[in-house]
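Colleague: Have a look at this one before I ask anything.
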Amino acid sequence: MTHRKKSDGLVQNIDRMLNEGKYAEALQLVRGPEKPHLDNADKLKLEVLESKCLMKLGEYEESLQMSSQIAKKCGKVSGCQWIEVDASIILAESLWRLGRLEESFEVLERSERNLQNLELDTIVIHTAVNQMVAERRAALLYHKGTVYLRQSVFSQALEHYRQSLTLYEELGRTQEVAAVLNVIGIVFNQQGDFDQALDYYHRSLLLKEGIGNEPDIAKALNNIGTVYYDQGDLDSALEHYQRSLALREELGNKQDVAHSFNNIGEVYFRRGNLDNSLEFFQQSLMLLEEIGNKHGISHLLKNIGEVYFRRNNTNRALEYYDQSLALRVELDNKREMSETLFHMISAALNGNLIDEAQQHLKRLQQINNLEEIKIIDQRCRVAEALVLKLSMRARDRARAELLFNQVVEEEIVAHELTVIALLGLCDVLLVDLQISGDTEILVNLHEFLNRLLQIVEDQNSFWLMAEAHVLRSKLALLDLDVMEARRLLTEAQRIADEKGLSQLAIKISNEHDALLDELNAWDELTKRQAPLAKRTNLARIGDHVERMFRLGVDETLDMQEEKPISVMILAKGGIVVFSKAFVSTTDVDENLIGGLFDAIQSCGDELFSQALDRIKLKTYTVLARPVDPFTICYVYIGQSYSALRRVLQFIQAVPQDLSVWNPMLKTATTGKTLSPPAYDSLEVLLNEMFAVST
């Protein structure tokens, strides 16, 4: 076999391994000691493949250095123009992966010119040359699209990706077609078009499964998980992230495993389970430190800072943010530097460290003056407004309102920033409301809150959706519409429960309990048509806006168990088909509990006809939940969240026990009470669910 054939065979083997996702094996082969005699051009080809292997393994700095050196060498070796373009493509990818977007774009522009010159310099344009040009043009379009994507210029990203996709489809490059379908899915996902995103991700996954490239299959599963995460379907997100993790752990790529750990940590973070979140973030950080991925380390340090920020531990949060910022400065990633600085400003303000917040703001403004990137500019203005709104000077607060308004009226670049700007406007208006008592301000508050709800609904941000409903309930209180306030709290509770946001669900439940305890005070304010300042204080609306500003920063709440009193099951018309008391009449006021039962029985449907889930009668709370054709009424003393958990567990279990459920359905039509043995079985089930010994 000739040296040329041996060289070509080696290149083909490495290419095959890369297509199959065997990146470590490919790197080992390209660095192997046994190689055919190579001329300078062949050596450079292998170096290009080596830098590509490093890229796939997440060694971006090393890949950057190597591809840069190759591009320089090509200028000194004749006949290496094609190799120079290939090296430049890898160089551009290394740069954008490290956040150096402007440099990446410059390399891509230069490579396009070089490719055009190569095409023009070819005397005879034959099929092979056409294919070589098309392959590289498709790659350049792909990477330019990615630079636009990272700059949040979605229309340009989509245009370049679609041109790249067309070329790769014409070339029959299934591997690359799958990759482009994947990134088009990312564009739609970031735009909030989740159906389109899932369609492209599934098309990509199908092709990847056909190829058998397990790393890419794991990536597709991960991206599908991200769509579910962005939709707020945390259970489906976790399932796909875990499937992706299982594949990645088998393959042993620490970079990818770390990525999965991070994503799982973010699911737990969204749920408010900060202990689990921190555990996964730390596992991810440990792996990234082992492989020296500074870009990934900076991201994880920022995420861990977020956990401590959520725990209201400002000093620890700032420590991690500071470490993250130092790495991002070292990497010269200005976009991500601006992200960390924005979080540092928020944390410093949360800790009342105004001078420190202003120092971080100056650094953010310096970066903004150097770069023309929309998201950096918006971060800068929102951060400045956050600082200014705390000032006692009227002109500073007016400037804050102006900056918030600017961001709200602009095209949405990052939904989080637009949401914070809307909340900032609400906060400024609330201060004006307390000072002036002008009811026109309430109209503006409702307008801003409706816009906020539209954004979070479009993004399926269920945490913010639930919080926005709580805020709407407080505005209803300002309008003295207590029933509407309670209905909105019930809706907020439902959203938090359905989406597994346990910490938020506890907070909302406690908020509703507090309102029930304050009903007499609200009745009095309504009778007196009290001024808005009085209503604002009792509604604690400013506190809630501040909590939303701080992304739910609060202490971790424990679920406190209630004291069970009784359970009643009502058929339509208030007919009691079953009742169970958990305490003897000597333990409670017999007359009071008797009156309570009469009230529930006589107007059971009416009591809960306003989409409410609980009422307060004297010292007792009654929680109601439908399980068609019945209503379960649970009477207890204490906080409601634990009570709600029990009732939900009960109404899920009862229909599954047909020996109980079928006799219950008969009582609904006959109007008779439940009799043994179904009565006895139901009593046992209740004792189990409500943890009461028989």
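The values are calculated or read from the model by the stated rules, or taken from the named source; none is laboratory data. The shown structure was predicted, so the numbers you read here are calculated from the model rather than taken from an experiment. FYI the Cβ positions are ideal-geometry reconstructions off the backbone, even for glycines, and counts take in every protein chain you see.
Conditions (1) in the same structural domain as Val545 (by TED's automatic domain parsing); (2) within 24 Å of Gln190 (Cα to Cα); (3) surrounded by fewer than 22 Cβ atoms within 10 Å (Cβ to Cβ), marked per residue:
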{"site": "Lys362", "(1), (2), (3)": "no, no, yes"}
{"site": "Ile367", "(1), (2), (3)": "no, no, yes"}
{"site": "Ile375", "(1), (2), (3)": "no, yes, yes"}
{"site": "Arg379", "(1), (2), (3)": "no, yes, no"}
{"site": "Leu386", "(1), (2), (3)": "no, no, no"}
{"site": "Ser391", "(1), (2), (3)": "no, no, yes"}
{"site": "Ala400", "(1), (2), (3)": "no, no, no"}
{"site": "Phe404", "(1), (2), (3)": "no, yes, no"}
{"site": "Leu433", "(1), (2), (3)": "yes, no, no"}
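Colleague: Mind checking whether some residue in the stretch 209-217 is surrounded by fewer than 23 Cβ atoms within 10 Å (Cβ to Cβ), part of a loop (DSSP other than H, G, I, E, B) and of a type outside the set (Lys, Arg)?
Modeller: Yes - at least one qualifying residue is present in the stretch 209-217.
Colleague: Failed condition for Asp481, given (1) more than 14 Å from His544 (Cβ to Cβ); (2) charged (D, E, K, R); (3) crowded, with 24+ Cβ neighbours inside 10 Å, with all others met?
Modeller: Failing condition for Asp481: (3).
Colleague: Same structure again: Answer yes or no as to whether Val692 is modelled with pLDDT under 90 and touching a strand residue (DSSP E or B) at 6+ places or on another chain (Cβ under 8 Å).
Modeller: Here the answer is yes, as Val692 does meet what is asked.
Colleague: Does any residue in the stretch 452-467 that is under 18 Å from Leu234 (Cβ atoms) come within less than 8 Å, Cβ to Cβ, of a residue that is at pLDDT 80 or above and polar (S, T, N, Q) six or more places away or on a different chain, and which pairs are these?
Modeller: Ala466/Gln493
Colleague: Would you pick out the residues in the stretch 628-660 that are under 40 Å from the mean Cα position of the chain (by Cα), buried (at least 18 other Cβ atoms within 10 Å of the Cβ) and either acidic (Asp, Glu) or more than 19 Å from Phe582 (Cα to Cα) (or both)?
Modeller: Phe630 - this is the single residue of the stretch 628-660 that is under 40 Å from the mean Cα position of the chain (by Cα), buried (at least 18 other Cβ atoms within 10 Å of the Cβ) and either acidic (Asp, Glu) or more than 19 Å from Phe582 (Cα to Cα) (or both).
Colleague: Further question: Do we have Ile376 as within 21 Å of Arg399 (Cα to Cα), of a type in the set (A, V, I, L, M, F, W, C) and out of contact with any helix residue (DSSP H, G or I) (no Cβ under 7 Å at 6 or more places or on another chain) here?
Modeller: no
Conditions (1) assigned to a helix (DSSP H, G or I); (2) more than 27 Å from Ile375 (Cβ to Cβ); (3) touching a residue at least 24 places away in the same chain (Cβ under 8 Å), marked per residue:
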| residue | (1), (2), (3) |
| --- | --- |
| Gln131 | yes, yes, yes |
| Arg137 | yes, yes, yes |
| Tyr148 | yes, no, no |
| Ser152 | no, no, yes |
| Ser155 | yes, no, no |
| Glu159 | yes, no, no |
| Glu169 | yes, yes, no |
| Gln175 | yes, yes, yes |
| Val180 | yes, no, yes |
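Colleague: Now a separate question. Restricting to the stretch 616-665, count the residues that are outside any helix (DSSP H, G or I), closer than 30 Å to Asn520 by Cβ and of a type in the set (Phe, Trp, Tyr).
Modeller: Result for the stretch 616-665: 3.
Colleague: Only helices (runs of 4 or more DSSP H) wholly contained in the stretch 238-336 count here; list those with 2 or more residues that are out of contact with any strand residue (DSSP E or B) (no Cβ under 6 Å at 6 or more places or on another chain) and among the acidic types (Asp, Glu).
Modeller: Where helices (runs of 4 or more DSSP H) fall fully within the stretch 238-336 and carry at least 2 residues being out of contact with any strand residue (DSSP E or B) (no Cβ under 6 Å at 6 or more places or on another chain) and among the acidic types (Asp, Glu), they are 254-271, 274-291, 314-330.
Colleague: Would you check which residues across the stretch 499-546 are at pLDDT below 85, closer than 28 Å to Leu644 by Cα and in a loop (DSSP other than H, G, I, E, B) and list them?
Modeller: Lys499, Gly500, Leu501, Arg540
Colleague: Would you mind finding the one in Ala468, Ala505, Ala533 that is out of contact with any Ser or Thr (no Cβ under 6 Å at 6 or more places or on another chain) and surrounded by fewer than 16 Cβ atoms within 10 Å (Cβ to Cβ)?
Modeller: On inspection, the qualifying residue turns out to be Ala533.
Colleague: Are any of the residues in the stretch 321-329 closer than 20 Å to Ile420 by Cβ and in contact (Cβ under 8 Å) with a residue 40 or more places away in the chain?
Modeller: no
Colleague: Within the stretch 666-689, track down each residue that is small (Gly, Ala, Ser), part of a helix (DSSP H, G or I) and modelled with pLDDT of 85 or more.
Modeller: Correct list: Ala678, Ser681.
Colleague: While we're on this one: From the list Val431, Val387, pick out the single residue that is closer than 30 Å to Lys334 by Cβ and more than 23 Å from the chain's Cα centre (by Cα).
Modeller: Val387
Colleague: Quick one: which of Leu402, Leu480, Leu417 is part of a loop (DSSP other than H, G, I, E, B) and at pLDDT 85 or above?
Modeller: Going through Leu402, Leu480, Leu417 in turn, the sole match is Leu480.
Colleague: For the list (1) at pLDDT below 90; (2) more than 29 Å from the chain's Cα centre (by Cα); (3) of a type outside the set (Lys, Arg); (4) surrounded by fewer than 16 Cβ atoms within 10 Å (Cβ to Cβ), I need the number of the one condition that Asp195 fails.
Modeller: The single condition Asp195 does not satisfy is (2).
Colleague: Can you name the number of the only condition in (1) at pLDDT below 90; (2) surrounded by fewer than 17 Cβ atoms within 10 Å (Cβ to Cβ) that Ser111 fails?
Modeller: Result: Ser111 fails condition (2) only.
Colleague: Starting from the stretch 613-634, take each residue that is under 15 Å from Val654 (Cα atoms) and list its partners that are buried (at least 17 other Cβ atoms within 10 Å of the Cβ) and acidic (Asp, Glu), counting only C-beta distances under 8 angstrom and pairs at least six apart or across chains.
Modeller: These pairs meet every condition: Arg625/Asp613.
Colleague: Considering only the stretch 147-176, how many residues are surrounded by fewer than 21 Cβ atoms within 10 Å (Cβ to Cβ), closer than 22 Å to Ala220 by Cβ and among the hydrophobic types (A, V, I, L, M, F, W, C)?
Modeller: Residues flagged as surrounded by fewer than 21 Cβ atoms within 10 Å (Cβ to Cβ), closer than 22 Å to Ala220 by Cβ and among the hydrophobic types (A, V, I, L, M, F, W, C) within the stretch 147-176 amount to 3.
Colleague: Another question, then. Could you give every pair whose Cβ atoms fall below 7 Å, whose first residue belongs to the stretch 417-429 and is free of Cβ contacts under 8 Å to residues at least 40 places away in the same chain and assigned by TED's automatic domain parsing to the domain that holds Asp543, and whose second residue is acidic (Asp, Glu) and in a helix (DSSP H, G or I), counting only separations of at least 6 or pairs across chains?
Modeller: Note: pairs meeting the criteria are Leu425/Glu401; Val428/Glu401.
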